[in-house]
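Asks: I'd like to ask some things about the structure below.
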Amino acid sequence: MLRFTANLSLLFTELPLIERFAAARAAGFRAVEIQFPYELSIGEIHQELEQHELELVLINVPAGDLMQGGDGLAGVPGREQMFHRAVMQAVPYARQLGVRCVNVLAGRQPEDGDLLHCLHTLADNARHAAEVFHSIGITTTLEAINTFDIPRFLVSNIAQMQEILEAADHPALKMQFDCYHLARMGEDLIAGLRENIADIGHIQFADTPGRGAPGSGDIRFEQVFRYIEELPYSGWCGAEYLPGSAGSTASLAGWWPRWRDRA
């Protein structure tokens with residue numbers, strides 16, 4: 001199954017976040033995702049979702065200082081209580097807004113940190129998050145992020161995601177399969193989808209190497225999207241790309257009309 005969401009953290013950023021819901025609906029999306037929705041209240045988001053007949057599919061657990069260049073929370077020994085508090089901050093947003101998946105960002109290996117200790121911490125924290133969200137009917141995902149964009153990121157390829165899922169050992173913990181990050185790390189997207197579909201909770205995409213719209217780079221999205229159509233996958237595919245200087249509307253004109261009709 002092929003269903004698309006607009007990631008409001010990267011698309012329509014010419015508008016304040018509160019106005020991007022309307023822009024996504026006007027473009028033809030029926031679902032959205034937001035990396036970190038916490039600048040808005042639950043009530044504000046709920047009103048936008050209701051008004052524009054949208055579903056909020058995915059949010060992230062707060063990641064501490066990661067987006068400002070720090071190491072983050074989930075894989076950093078000594079920050080376990082901070083991560084637990086971040087999970088509890090995400091819970092009411094996820095529960096009250098009907099979110100399907102909550103994503104955990106692994107974070108960076110501290111420059112003086114022991115890798116195995118970090119990975120053990122990450123597995124424990126991922127298991128904790130999966131248990132908390134599973135108790136309210138929500139899937140937890142964990143994604144790989146390429147080390148060109150975020151050096152020292154703890155999980156950067158499919159094998160490492162598999163290892164953390166195995167170590168955490170929780171049925172509600174799945175992969176977030178981000179085509180952009182995995183392609184940047186040299187992964188075969190079709191093979192990765194085929195071999196891991198049972199463990200994939202959410203898919204995201206952007207082209208490589210510039211993280212632009214489909215058709216702006218090297219990924220053969222015609223092949224990738226057609227393959228996803230054939231998979232036993234009932235989740236969503238998030239458009240999480242940088243629209244470029246022409247803006248979101250122009251970036252949608254290339255790929256979206258064709259695939260919107262198929263979806």
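Quick note: the coordinates plus some simple rules give every number you see, no bench work behind them. Predicted model, so just to flag it, every value in this text is computed and none were measured. All Cβ positions, even for glycine, are placed from backbone atoms using ideal geometry, and neighbour counts span all protein chains on display.
Asks: How about region 134-193: which chymotrypsin sites (Phe, Trp or Tyr not before Pro) there lie in a loop by DSSP and see at most 13 other Cβ atoms within 10 Å? Could the numbers behind the result be given before it?
Replies: Working: sites: 148, 153, 177, 180; in loops: 148.
Listed in order of number, the matching sites are 148.
Asks: Compute the whole-percent fraction of alpha carbon pairs in region 8-262 spaced more than 22 Å apart.
Replies: On the way: 17387 of 32385 pairs.
Considering region 8-262, 54 percent of its Cα-Cα pairs are separated by more than 22 Å.
Asks: Which one, 87, 98, 59, is farthest towards the positive end of the dipole of the chain when Lys and Arg carry +1 and Asp and Glu -1 on their Cβ?
Replies: 98
Asks: Just for region 8-262, what percent of DSSP beta bridges are antiparallel, to the closest 5?
Replies: Bridges in region 8-262 that DSSP calls antiparallel: roughly 5 percent.
Asks: Could you tell me which of rounded, prolate or oblate describes region 137-179, using a ≥ b ≥ c as the square roots of the eigenvalues of the alpha-carbon gyration tensor, with rounded for a/c under 1.5 and, failing that, prolate when a/b is larger than b/c and oblate otherwise?
Replies: Working: a/c = 2.62, a/b = 1.78, b/c = 1.47.
Because a/c hits 1.5 or more and a/b exceeds b/c, region 137-179 counts as prolate.
Asks: Here is a further query. Pick from 168, 253, 213: which residue has the top mean-square fluctuation in a GNM of the chain where Cα pairs under 10 Å get a spring?
Replies: Top of the fluctuation ranking is 253.
Asks: Oh, and also: Regarding region 191-263, what's the average projected area of the Cα-atom convex hull, expressed in nm²? Please list the in-between numbers first.
Replies: Numbers: hull surface 19.7 nm².
Result: a mean projected hull area of 4.9 nm².
Asks: To continue, here is another question. Would you mind listing how long region 34-98 runs along its three principal axes, going by Cα atoms, in whole Å with the largest first?
Replies: If we take the Cα atoms of region 34-98, the spans are 42, 21, 17 Å.
Asks: What number, in percent, do you get for the relative contact order of the chain if the mean sequence gap of Cα pairs under 8 Å and at least 6 apart is divided by its residue count? Could the numbers behind the result be given before it?
Replies: Numbers: 514 pairs, mean separation 52.6, N = 263.
Value for the chain: 20 percent.
Asks: Once you've got the GNM for the chain with C-alpha springs shorter than 10 Å, pick whichever of 74, 130, 90 has the biggest mean-square fluctuation.
Replies: Maximum fluctuation in the GNM of the chain, among the listed residues, is at 90.
Asks: So what's the gap between the Cα centers of region 54-125 and region 140-160, to the nearest angstrom?
Replies: When both Cα centres are located, 13 Å separates them.
Asks: Here's something else I'd like to know. Starting from the amide H of residue 219, placed 1.01 Å from N in the peptide plane, find each other amide H under 5 Å away whose residue is 5 or more places distant or on another chain.
Replies: Residues meeting the criterion, in which the H sits 1.01 Å from N, are 208.
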